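J.: Okay, here's the structure, questions in a sec.
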Amino acid sequence: MTDATHAPLDAGTLIGWFDANARDLPWRAPECDAWGVLVSEIMLQQTPVARVEPIWHDWLTRWPRPSALAAESQGEVVRAWGKLGYPRRALRLHAAAGVIAEEHGDVVPSDVDTLLALPGIGAYTARAVAAFAYGQRVPVVDTNVRRVIARAVHGAGDAGPPSNTRDMADVEALLPEQKAARYSAALMELGATVCTARAPECARCPVVSFCAWYQAGKPAYDGPARPVQRFAGTDRQVRGLLLDVLRGTSEPVPKTKLDTVWNVDGQRDRCLFSLLEDGLVEQTPDGRFALPGEHA
DNA sequence: GATACGTGGGG
DNA sequence: TCCCCAAGTAT
């Protein structure tokens with residue numbers, strides 16, 4: 001066993017660093033409740049902090065409780081989601097708010113399994129809410145945590161493909177008995193601001209002298225390459241263009257209007273159909289198109 | 001386990 | 001310009 005004070009990711013060291021260096025994010029404020037934490041976690045799925053912050057403020061002001069969001073139309077929620085990306089998250093958060101309002105007394109659940117049963121909440125988000133909103137000692141594994149552990153503990157340049165079971169066991173082994181949630185926040189913060197993917201600033205790292213990767217001379221990552229996420233020309237781009245039209249109008253639009261955003265007819269129609277299937281778009285009785293729930 | 005799913009900033 | 005990356009989830 002490694003001496004705790006010399007472990008690569010010592011809790012006292014990391015929490016001390018976090019106390020002094022944590023970013024002042026609104027969902028970390030003492031007055032932010034579990035609903036605010038949940039909204040932030042959903043918005044932060046694959047979307048950078050800088051783009052989330054202003055939208056998060058809008059949402060918490062407009063819908064300070066789950067029941068308030070649940071009472072809103074789906075379309076308005078998708079519109080307020082703006083350009084955060086992956087708008088199905090907005091629909092799922094709206095649905096989760098409905099369940100919380102109806103079945104949980106308008107209080108975000110604190111139990112991991114109950115959270116996991118809500119739409120849009122997976123292994124990461126369920127534990128993030130349990131830890132950051134309720135102070136529970138549960139492993140919180142995101143891409144930052146995986147990268148920090150890969151480097152500091154395993155001496156690899158980057159994390160390999162995710163494995164929920166193995167990744168959670170890795171974190172569980174590091175998690176201190178006390179202040180576990182704060183430790184997880186520190187781990188994530190280190191990965192987000194210092195031990196970054198592209199250009200880690202090892203000179204600023206509080207645990208550099210215990211880092212297996214640094215000690216080994218920062219060898220290049222030799223694992224399998226991540227699949228590249230192309231965007232230009234994909235259905236994702238076309239769906240985004242279609243939805244952007246509908247976000248910008250309160251009145252339903254005729255299909256001819258949507259036809260102007262992309263000139264490959266087959267792809268465009270397929271994307272419109274998939275948006276209808278996903279419930280992100282609805283067709284009005286007269287055949288026009290709109291965001292859902294506003295023009296039945 | 002692989003794939004689909006938005007959007008925009010930075011190197 | 002192109003490519004990588006960003007607090008993932010659902011299928």
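A short reminder: the numbers here are calculations on the coordinates, not readings from a lab. Note that the structure is a prediction, hence the values are computed from the model and not measured. Note that we place each Cβ from the backbone using ideal geometry, even for glycine, and neighbour counts take in every protein chain shown.
J.: Evaluate the relative contact order of chain A (contact order divided by residue number), counting alpha-carbon pairs under 8 angstrom at least 6 apart; express in whole percent.
T.: Averaging sequence separation for qualifying contacts and normalising by length gives 19 percent for chain A.
J.: OK, next. Determine the calculated [θ] at 222 nm for chain A from helices alone, applying -39500 (n - 2.57) to every DSSP H run no shorter than 4 residues and normalising by the residue count; nearest 500 deg cm²/dmol. Can you show the working numbers first?
T.: Details: 15 runs with 149 residues, N = 296.
Result for chain A, helices only: -14500 deg cm²/dmol.
J.: Could I ask something else about it? Where Lys and Arg each count +1 and Asp and Glu each count -1, what net charge lies around A:Phe18 among other residues with Cβ under 15 Å from its Cβ?
T.: Working: positive: A:Arg23, A:Arg28, A:Lys179, A:Arg182, A:Arg204; negative: A:Asp10, A:Asp19, A:Asp24, A:Glu189.
For residues surrounding A:Phe18, the net value is +1.
J.: Starting with the highest mean, order A:24-32, A:62-70, A:254-262 by the number of other Cβ atoms within 10 Å, averaged over the residues of each peptide.
T.: Packing order, densest peptide first, comes out as A:62-70, A:254-262, A:24-32.
J.: Starting from the Kirkwood radius over alpha-carbon pairs of chain A, derive D by Stokes-Einstein at 25 °C in a medium of 0.890 mPa s and give it in µm² s⁻¹.
T.: On the way: Rh = 21.1 Å.
Translational D for this selection: 116 µm²/s.
J.: Contour minus end-to-end for A:Leu25 and A:Ala197, with contour as 0.36 nm per residue of separation and end-to-end as the Cα-Cα distance? List each step's numbers first, then the result.
T.: On the way: separation 172, 0.36 × 172 = 61.92 nm, distance 2.12 nm.
Result: 59.8 nm gained on full extension.
J.: Something else now. Between A:Arg137 and A:Ala232, what is the FRET efficiency for a Förster distance of 51 Å, r being their Cβ-Cβ separation, to the nearest 0.05? Walk me through the numbers on the way to the answer.
T.: Details: r = 44 Å, r/R0 = 0.86.
Calculated transfer efficiency: 0.70.
J.: Could you work out how far helix A:34-43 tilts from the main Cα principal axis of chain A, as a 0 to 90 degree angle to the nearest 10?
T.: 80
J.: Would you mind getting me the FRET efficiency between A:Ala173 and A:Ala212? Use the beta-carbon distance for r and R0 = 22 Å, nearest 0.05. Could the numbers behind the result be given before it?
T.: Details: r = 14 Å, r/R0 = 0.66.
Computed FRET efficiency for A:Ala173 and A:Ala212: 0.90.
J.: Determine the sum of side-chain charges near A:Ile55: Lys and Arg each +1, Asp and Glu each -1, restricted to other residues whose C-beta is under 11 angstrom from that of A:Ile55. Working shown, then result.
T.: On the way: positive: A:Arg51, A:Arg62, A:Lys83; negative: A:Glu53, A:Asp58.
Result for the local shell: +1.
J.: Working from Cα positions, state the angle (0 to 90°, nearest 10) between the long axis of helix A:49-62 and the longest principal axis of chain A.
T.: 60
J.: To the nearest 20 debye, what is the magnitude of the charge dipole of chain A about its Cα centre, counting +1 on the Cβ of each Lys and Arg and -1 on the Cβ of each Asp and Glu?
T.: Numbers: 31 positive and 36 negative charges, 186 e Å.
Charge dipole, chain A, about its Cα centre: 900 debye, nearest 20.
J.: Next question. Checking the a/c ratio against 1.5 first, then a/b against b/c, what shape does the Cα gyration tensor give for the range A:34-132? Numbers along the way, then the final one.
T.: On the way: a/c = 1.61, a/b = 1.18, b/c = 1.36.
Oblate.
J.: Using alpha carbon centroids, what distance separates the range A:199-213 and the range A:161-194, in Å?
T.: Spelled out, the Cα-based centre of one part sits 16 Å from the other.
J.: Continuing with the same structure: Would you tally the net charge around A:Leu258, using a Cβ to Cβ cut-off of less than 12 Å, leaving A:Leu258 out, and scoring K and R as +1, D and E as -1?
T.: Values: positive: A:Arg239, A:Lys255, A:Lys257, A:Arg268, A:Arg288; negative: A:Asp244, A:Asp259, A:Asp265, A:Asp269.
So the environment of A:Leu258 carries a net charge of +1.
J.: What does the charge dipole of the range A:235-290 about its Cα centre add up to, to the nearest 20 debye, if the Cβ of each Lys and Arg holds +1 and the Cβ of each Asp and Glu holds -1? It would help to have the intermediate numbers written out before the result.
T.: On the way: 8 positive and 10 negative charges, 29 e Å.
Around 140 debye, computed over the range A:235-290.
J.: I'd like to compare A:78-90, A:185-197, A:158-170: which one has the highest average count of other Cβ atoms within 10 Å, and what's the full order after that? Don't jump to the answer; show the numbers that get you there.
T.: Working: A:78-90: 18.6, A:185-197: 20.8, A:158-170: 14.5.
Peptide ranking by packing, descending: A:185-197, A:78-90, A:158-170.
J.: Of A:Leu38, A:Pro54, A:Gly12, which is farthest towards the positive pole of the range A:1-60's charge dipole, taken about the Cα centre with +1 and -1 on the beta-carbons of Lys, Arg and Asp, Glu respectively?
T.: So the residue we want is A:Pro54.
J.: Report, in degrees rounded to the nearest 10, the 0 to 90 angle that the Cα long axis of helix A:180-193 makes with the longest principal axis of chain A.
T.: 80
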